[in-house]
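Worksheet for the structure shown next.
Derivation of every value follows stated rules applied to the coordinates shown; laboratory data play no part. Worth saying up front: this structure is predicted, and the values here are computed from it rather than measured. Here Cβ is always computed from backbone atoms with ideal geometry, including for glycine, and neighbour counts include all displayed protein chains.
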Amino acid sequence: MSSLPPERMKWLESYCDQSISPEDFAQLEAALLESEEFRAQARTFLAMDANLHQEAETLLDLGEKWTPQPVVAKKPALLSLRILLPTAALLFLFGLFLGRFTPKSTAQIEKEIAAAVDDGVAVIRETVNSVWSEDGQLQKNSILSPGPYSLTQGSALLECFDGTQLLLSAPVTFDLISTHEVYCRSGKVRAFVPPQARGFKLKAPQFDLIDLGTEFGVEVAANGTSSVQVFDGEVELFSPDKQTDKPLHKLLGGAGLAFSETGETESINLSPEGFLSFQELHKQIDSNSRQKKKSWESWNDSVTKHPELVAHYDFEARSRTLIDQGPGGHHGAIVSANWSPGRFSGKSALEFNSPADRVRLEIPGEFQAMTFSAWVRIDSHTDRNQSILLTDSYKVGYPHWQVSPEGNLRLGVRLPSPEWD
């Protein structure tokens, strides 16, 4: 897979961090429709972002329950560092945003990711306290293949690859059939269909709905009844048994139709408040972010007070000096790297785009054992190791902490001999 042009990389990055402008989104959409290669690159990028979000959520949920357990070497690990690397990572360091080196995956990683996302038809754009019944935890930016899905708790926003947006509020069970077709088995779905996705189909047990450019809501109740509410635009309703090619009903904005268990219909008044809206979803997201920030602040404070702390960088003070919150005051000098939004709203991080980006640290001392911890987001793999922590040289007792081309963490300490005493 060839490298992404900078402009397209920018579109995908801003899409993932929710800062993309309407103009850039329109260009992104046009480029995806035009280029099969770019669609494959975008699926790979989104899949990697989704996996990293899942790991980050897992680590964040550990909270104060996590206690570092040092690995004790039988020889003293001498650490006298002038660190030269494209990251800054020491004891209890987290909040780091590592990445955007040349997006060149190894053949093995390309094959694994391509196998997972090649048949994707939609992506989870947002989630709030969502729980899915499927094997494996679905997360924000997860690519969804055709098949059945069930949201048992929380809320979610799905974006089909034709541009249709689906707002889901649990409980809801549905089948993804293709990029422009969904079957709702039960629950509530609110759909926003842009002009370029005209003809989108949302099927239900009692009708097949074809959109003509609109916003509508569909509810399928557990007792077998269902309803359609058209908030804007126009839809056509067809018989699910395909007995005729002509629509049974045509609904314009402001109209609603309810189906009884036996298939009888009656007009109903609109109740948009009964369906999840973008405004309500964003309120839920903001509230969830505040809760995460509060939880992180409590954990961050406990880390700062840890009696064995050597250095702690929380990436909160935005300046050209990386502040050490630990007792030693081992502040770092930021070189070239830029500040960026972190892993949740209100959190800061450092972004590393080029080999020149780095943070220089000097932490003198000798340590019998050390624990390293970092939060790192990697946007792409390369065919070389990517550095988290390196020293200017690799003398006895000096550590090197890297990510391998396969995505594995590698931590090494130079020993005086290949054997332990």
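When Rg and the Kirkwood Rh are both derived from Cα coordinates, the Rg/Rh ratio for segment 155-208 amounts to 0.93. Arranged from fewest to most other beta-carbon atoms within 10 Å of their beta carbon, Phe25, Phe372 become Phe25, Phe372. Placing one equal scatterer on every Cα of segment 245-343 and applying the Debye formula, the log10 ratio I(q)/I(0) at q = 0.21, 0.24 Å⁻¹ is -1.13, -1.25.
Stokes-Einstein at 25 °C, 0.890 mPa s, Kirkwood radius from Cα pairs: D for segment 255-309 in µm² s⁻¹? Diffusion coefficient, whole number: 156 µm²/s.
Under 13 Å from the Cβ of Phe38, count the other residues' Cβ atoms, weight Lys and Arg +1, Asp and Glu -1, and hand me the total. Residues near Phe38 contribute -2 overall. For segment 303-320, backbone phi angles converted through the Karplus equation (6.51, -1.76, 1.60; θ = phi - 60°) give residue-by-residue couplings of 5, 4, 8, 5, x, 9, 5, 9, 8, 8, 10, 9, 6, 9, 7, 7, 8, 8 Hz, Gly and Pro being listed as x.
Rg and Dmax of segment 266-421, both derived from C-alpha coordinates alone, stand at 21.6, 85 Å.
Pairs of C-alpha atoms in segment 204-247 farther apart than 15 Å represent 45 percent of all such pairs. Counting charges near Val228 (Lys, Arg +1; Asp, Glu -1) among other residues having Cβ under 14 Å from its Cβ returns a value of -3.
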